[in-house]
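Working notes, structure below.
Every number in this text was worked out from the coordinates using simple rules, so none of it is lab data. Note that the structure is a prediction, hence the values are computed from the model and not measured. Glycine gets a Cβ as well: all are built from the backbone with ideal geometry, and neighbour counts include every protein chain shown.
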Amino acid sequence: MNLTSDTKVAEMTIAAFEDMKRQMPISTHAAYNEMLQSVGNRISQQVFWDMPLAEWEFVVFDQNEVNAFAMPGGKVGIFTGLFQIVKTEDELASVVAHEIAHVTARHTHERISQQMVIGAGGQLVGIAAAVTGAGVAGLGGGSYINMTPMIMGLYGIGTGQAAQAWDQKKEAEADHIGIMYMAKAGYDPNAAITVMERMVELEGGMGGNNYNSTHPSSMDRLNALHSYLEDALAEYEKSKEFFY
Ligand SMILES: [Zn+2]
């Protein structure tokens with residue numbers, strides 16, 4: 001469907017991210033920001049050809065929530081609460097790579113296109129006009145429709161509600177692609193397992209939280225991650241020629 005062409009989806013999410021930066025507090029924590037910029041540089045180089053339309057940007061939002069997201073326009077956000085389970089740059093890389101993998105595996109595109117068809121109903125034409133004509137950010141004037149609430153809703157951000165969960169298959173796919181990205185970017189894939197172990201622990205202690213519902217069955221994911229580890233470690237070894 002042309003309406004949800006890659007370019008339009010990228011533009012929409014870029015505009016939504018700009019709105020989010022205005023609406024949500026941005027962290028000035030130096031160490032968190034440095035860590036994320038470093039991870040962002042290395043991972044985005046690895047996925048360059050998978051996301052040619054990306055205008056990469058990595059932002060730490062000051063919000064005590066264990067969450068992170070990536071958008072088709074190359075916009076990546078993490079919440080300060082994530083640092084409850086992420087302690088090192090390698091560990092952060094595993095989360096960022098996983099979120100970006102949801103984009104490159106086209107899970108996010110699929111969700112956005114579904115939402116646009118369902119959400120728009122009879123007004124499909126109007127939204128198409130807004131997305132194409134108005135240059136998304138409303139610069140073209142008249143026909144602008146703000147897509148930010150829809151996009152934020154898809155990610156479960158600022159709505160007080162968890163995002164719709166990815167199904168197990170998509171979660172496993174993102175874990176698999178993500179661990180390979182991080183390894184190719186020179187990050188130790190064992191860190192993905194460490195993070196998932198902390199997630200299992202956290203969920204045990206909290207008896208199910210928001211992150212649990214968007215990222216189901218951390219125990220299953222942990223088991224699957226172990227099965228990807230050998231291949232990922234081989235990539236990690238190869239990457240050392242470039243990074244060390
Ligand atoms: Zn996920």
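Once amide H atoms are placed 1.01 Å from N in the peptide plane, what residues at a sequence separation of 5 or more from Ile26, or on another chain, have their amide H within under 5 Å of its amide H?
Those lying under 5 Å, H to H, from Ile26 are Asp62.
I'd like to compare 83-95, 66-78, 230-242: which one has the highest average count of other Cβ atoms within 10 Å, and what's the full order after that? Intermediate values should be presented prior to the final figure.
On the way: 83-95: 21.3, 66-78: 25.5, 230-242: 14.1.
Highest to lowest by the protection proxy: 66-78, 83-95, 230-242.
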